[in-house]
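Data block below; observations after.
The values are calculated or read from the model by the stated rules, or taken from the named source; none is laboratory data. Predicted model only: the values in this text are computed from it and were never measured. Using ideal geometry, Cβ is built from the backbone for each residue, glycine included, and neighbour counts are taken over all protein chains shown.
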Amino acid sequence: MADIIKAKNEPGTVRTDLKGEINLTAETMKKIIDNVYDEVMAIDGNERVIYANEACENHYRGDAPSMVGEYIENLPTWYSWEPRSLPIMKKQKIRVTMDQISPTGEKILTTGTPVLDRNENIEMIVYNVRNMVQLDAVKHDLGIIREMLEAAKANKNLEEKVFEKPQSDLIVHDPKMIELIEFSAQIAVVDSTVLIQGESGTGKGIIAKYIHNKSLRKEAPFLVINCAAIPENLLESELFGYAAGSFTGAAKKGKKGLIELAAGGTLFLDEIGELTPHLQAKFLHVIQDKQYVPVGGRKIKKANVRIIAASNLNLIEMMKQGKFREDLYYRLNVVGINIPPLRERPQDITIMALNFLKKFNAKYNYRHELSEGCLEALQQNHWSGNVRELENLMERLVVTVKAVVIDFIHLPDTFSDPIPNKWHRNIPRNTSFFELRKELERELITRAYQELGSSRKVAKSLKISQSLASKLIRKFC
């Protein structure tokens, strides 16, 4: 028993005692709370911070650990929250939930919960803060989609205007991607469910649009739902609809779900791995039986939509961990598509970069060009953010670079210099070290100066001081 008690006190572990009960250490609990999306803060009865999770860094200056031990009056932005909830909690000793405006002007929902001791005095107050901007944006977008769907159903003449064909934006040159596109066109004409997997930013949504455009459902809606961005209760009621009187605030006559309104079209479930177990079960029923039951209802409705799902998570590993239903995975993965990351298809990098350059030149009325050195550096980059990262970078370069020609020097410091990678030489035997070094210096400096045109740019490219770069330029150029 002594060994078990000792083990329970070790940091960063989850232990099981002799009865099979799980005991969480303080370190493990801290990890859990630090990974909560909402801000969580606790203050003691003297208004001193006793805990702040990492999300609190969004609205308070400094890192979370530095806040612990500080009195709230010393936190620069504490009294900037409006309206204030602390006086109410201290006076009435009750949980208070209210809309507030953060010091940065964001709309937030704050819940403060007083924890009382045996004498009914406040031992601590635990705050939970949620940013409402993202949730409001999701609700707004879903409302627009619903209005468009209802308008199209009421007047078929509006369908062509309401549901414009989604553009495919497919620009590929790499053989692997050409083969993937041809396969996507082949399976588009059937109604099988499709599971698209790949890293974040590889273009899973674009492939889904392409399949829809090539399918027999192309004249009907293409509905995109981000499963990671919408809370479970909102996602369920919006997709499946609800019966009259299902919950407080529900419409008296109930509400049609987006699945019903998008009948005949395609439902693209992005980030499918983020679905809760409850919604996984409901979607399994939709895919398997083409039927569903609205929230709070009893009447079974038919689901006339094609399902395309996407995920950047390892769903097979999630199945092993019990986080994703095995039966749902195999129902989704009737046709599987795996999109390779951008770094594995270098032939696409140049053509995509030039296309994004053309797109943002037109958008912002510029006439930028890309130098050879810039294109080489782009091809050598790892691109952990894939196509999305490349697109964002090109937009940034177009709007920030003053020169007509965008060069390597304009790229972020994380990019590798393409010039050193050009060296492929056979070194003769008995070559003097000093002669070889001098020749390498001459060629490096000459090429860099010819391409970049200034000592400052040469210094940054070769990672040397500007004074040394100037000295070598005078010596060799």
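How many residues, within region 378-399, are under 23 Å from the mean Cα position of the chain (by Cα) and assigned to a helix (DSSP H, G or I)?
Adding up the residues that qualify gives 13.
Pick from region 406-443 the residues that are within 21 Å of Ala377 (Cα to Cα) and aromatic (Phe, Trp, Tyr): which of them is modelled with the lowest pLDDT?
Trp423
Of the residues in region 202-224, how many are crowded, with 20+ Cβ neighbours inside 10 Å and within 15 Å of the chain's Cα centre (by Cα)?
Number satisfying all stated conditions: 3.
Applying the selection to region 333-355, what residues are surrounded by fewer than 17 Cβ atoms within 10 Å (Cβ to Cβ) and of a type in the set (Lys, Arg)?
Arg343, the sole residue that qualifies.
Any idea which residue in region 444-472 is nearest to Ala377 (Cα to Cα), counting only those that are part of a helix (DSSP H, G or I) and touching a residue at least 40 places away in the same chain (Cβ under 8 Å)?
Ranking the qualifying residues of region 444-472, first place goes to Ser461.
Can you go through Glu27, Glu54, Glu70 and tell me which one is modelled with pLDDT of 75 or more, out of contact with any helix residue (DSSP H, G or I) (no Cβ under 6 Å at 6 or more places or on another chain) and surrounded by 15 or more Cβ atoms within 10 Å (Cβ to Cβ)?
Step by step, each of Glu27, Glu54, Glu70 is checked, and only Glu70 is modelled with pLDDT of 75 or more, out of contact with any helix residue (DSSP H, G or I) (no Cβ under 6 Å at 6 or more places or on another chain) and surrounded by 15 or more Cβ atoms within 10 Å (Cβ to Cβ).
Within region 385-410, which residues are among the polar types (S, T, N, Q) and touching a residue at least 60 places away in the same chain (Cβ under 8 Å)?
Within region 385-410, just Asn386 meets the criteria.
Out of (1) of a type in the set (Lys, Arg); (2) assigned to a helix (DSSP H, G or I); (3) not assigned by TED's automatic domain parsing to the domain that holds Val189, what's the single condition that is false for Lys402?
(2)
Ala303: in the same structural domain as Gly264 (by TED's automatic domain parsing), within 27 Å of Ser215 (Cα to Cα) and at pLDDT 95 or above, yes or no?
For Ala303, the condition - in the same structural domain as Gly264 (by TED's automatic domain parsing), within 27 Å of Ser215 (Cα to Cα) and at pLDDT 95 or above - is not met.
Name, by its number, the condition in (1) more than 25 Å from Leu216 (Cα to Cα); (2) surrounded by 21 or more Cβ atoms within 10 Å (Cβ to Cβ) that does not hold for Met318.
All conditions are met except number (2).
Among the residues of region 261-277, write down those that are touching a strand residue (DSSP E or B) at 6+ places or on another chain (Cβ under 7 Å) and over 7 Å from Cys227 (Cβ atoms).
Ala262, Gly265, Thr266, Leu267, Phe268, Gly273
Is it true that some residue in region 219-236 is farther than 23 Å from Ala188 by Cβ, charged (D, E, K, R) and either without any contact (Cβ under 8 Å) to a residue 60 or more places away in the chain or touching a strand residue (DSSP E or B) at 6+ places or on another chain (Cβ under 9 Å) (or both)?
Yes; the residues of region 219-236 include at least one that is farther than 23 Å from Ala188 by Cβ, charged (D, E, K, R) and either without any contact (Cβ under 8 Å) to a residue 60 or more places away in the chain or touching a strand residue (DSSP E or B) at 6+ places or on another chain (Cβ under 9 Å) (or both).
Working only within region 291-308, note down all residues that are of a type in the set (Val, Ile, Thr), more than 23 Å from the chain's Cα centre (by Cα) and surrounded by 13 or more Cβ atoms within 10 Å (Cβ to Cβ).
Passing the criteria: Val293, Val295, Val305.
Do we have Lys475 as loosely packed, with under 14 Cβ neighbours inside 10 Å, modelled with pLDDT of 85 or more and either part of a loop (DSSP other than H, G, I, E, B) or on the phi < 0 side of the Ramachandran plot (or both) here?
No: the conditions fail for Lys475.
Go through the residues of region 34-50 one by one and say whether even a single one is surrounded by fewer than 14 Cβ atoms within 10 Å (Cβ to Cβ), at pLDDT below 55 and in the same structural domain as Pro114 (by TED's automatic domain parsing).
Within region 34-50, none of the residues are surrounded by fewer than 14 Cβ atoms within 10 Å (Cβ to Cβ), at pLDDT below 55 and in the same structural domain as Pro114 (by TED's automatic domain parsing).
What is the one condition in (1) out of contact with any Asp or Glu (no Cβ under 9 Å at 6 or more places or on another chain); (2) part of a loop (DSSP other than H, G, I, E, B); (3) at pLDDT below 80; (4) surrounded by fewer than 13 Cβ atoms within 10 Å (Cβ to Cβ) that Pro11 does not satisfy?
(1)
Listed residues Ala220, Ala262; which is out of contact with any Asp or Glu (no Cβ under 9 Å at 6 or more places or on another chain), of a type in the set (A, V, I, L, M, F, W, C) and outside the structural domain of Tyr37 (by TED's automatic domain parsing)?
Testing whether each residue is out of contact with any Asp or Glu (no Cβ under 9 Å at 6 or more places or on another chain), of a type in the set (A, V, I, L, M, F, W, C) and outside the structural domain of Tyr37 (by TED's automatic domain parsing) leaves just Ala262.
State the number of residues belonging to region 309-365 that are in a strand (DSSP E or B) and either farther than 22 Å from Phe268 by Cα or under 23 Å from the mean Cα position of the chain (by Cα) (or both).
6
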